[in-house]
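Beneath this line is the structure, given in C-alpha cells, with notes to follow.
Bear in mind that the values in this text are calculations on the coordinates, not laboratory data. Keep in mind that this is a model prediction, so the values were computed, not measured. Quick reminder, even Gly has a Cβ in these numbers, built from the backbone with ideal geometry, and neighbours come from all protein chains shown.
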C-alpha cells in the first residue's frame, strides 16, 4: 500500500465529498462568514471521524463506516495526531465565526463539544448503540440540518433566497447519498458487528429487511436527482449518475459483493456531488 493511500485512508479525506461540494453552495447566503464556515464544516466531519477512528483502533477493532474495513490500512499515530490538529484548527475557526456570525460560531462550538463529549469506541455494552440509526443521524447532522439552517438564514438576507433554496436542495440530496453509504457499510459489516454485539440497522433488521430499506433510500436519491433536474437546481447528469450508480449498487449487494457496492456508491456520490 502506497504512503499516499495510507494517508488518505487514515485521514478519511475521501469523506470530504459530503462536505465541500455542498458547503460551497452556502457561500452566497453566508456572506463574509462563508470561508470559515465552509472550513469548519469540513473539519468537523474529519474530526468526528478521526475521534471515532482513534478510539476504535485503540480497542484493536477495525474502523467502521470506512471504504475498506481493514485496520491495517490505518496508521494509529497519524489518526491521533490528525485528531489534535483538527481540534486546534476548529477552535480557531470557532472564534472567527463567533466574531463574524455569532450564531454560526455557537453552532460550530456546540457541535464540536458534542463530538468530543461522545467520543469513544464500540467495545462494551454501553457503547453498543453507537451506530444505531447511523444512516439517518449522520446525514441529518452532517448535511441536512446545516443546509436547513442556511436556508433559514438566507430568508433573512436580502437577495439570498435563491442561494438558500439551492443549498437546502443539494444538502438534502447529499444527506440521502450519505445515508445510503452508511447503510451499505453497516450491511457489509453485519456479521462482524453482530459478533461484537453492536446494535446497527443491519444487525437489528437482518439482511433481507436491510436490503429493502436500502432500496427505499436509493429510490429517494434517484427521485431527488430527477426532481432537482426538473426544478432547475442542477444538471440532468446528476440524476443520470445516481440512477446508474443505484442500479449497479443494488446488483452488487444482491450478489453479496458488499465491499464493491460501498466503493461503487462512494464513486457515484462523488460524481453526483461534483456535477451539482
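Residue separation of residue 5 and residue 152 scaled by 0.36 nm, minus their Cα-Cα distance, works out to 49.0 nm of gained length. Peptides 224-230, 15-21 ranked from most to least packed by the mean count of surrounding Cβ atoms within 10 Å: 15-21, 224-230.
Here the spin labels are modelled as points 7 Å beyond Cα on the Cα-Cβ line, and at residue 70 and residue 13 they lie 1.9 nm apart. Between residue 95 and residue 165, the FRET efficiency estimated from the beta carbon spacing at R0 = 35 angstrom works out to 0.70. Packing, taken as the mean count of other beta carbons within 10 Å per residue, orders the peptides 35-42, 135-142, 92-99 from highest to lowest as 35-42, 135-142, 92-99. Each residue of the range 1-41 gets 64 Å³ once the volume of the Cα convex hull is shared out per residue. Backbone N atoms of the range 5-31 closer than 16 Å to the 7 Å Cα→Cβ label point of residue 85 belong to residues 5-16.
Take the alpha-carbon centre of the range 192-257, take the same for the range 1-47, and report the distance between them in whole Å. When both Cα centres are located, 23 Å separates them.
The value of relative contact order for the chain, using C-alpha pairs under 8 Å at least six residues apart, is 20 percent.
Backbone N atoms of the range 1-41 closer than 20 Å to the 7 Å Cα→Cβ label point of residue 58 belong to residues 10-12. Dividing the Cα radius of gyration of the chain by 2.2 N^0.38 Å, with N the residue count, gives 0.99.
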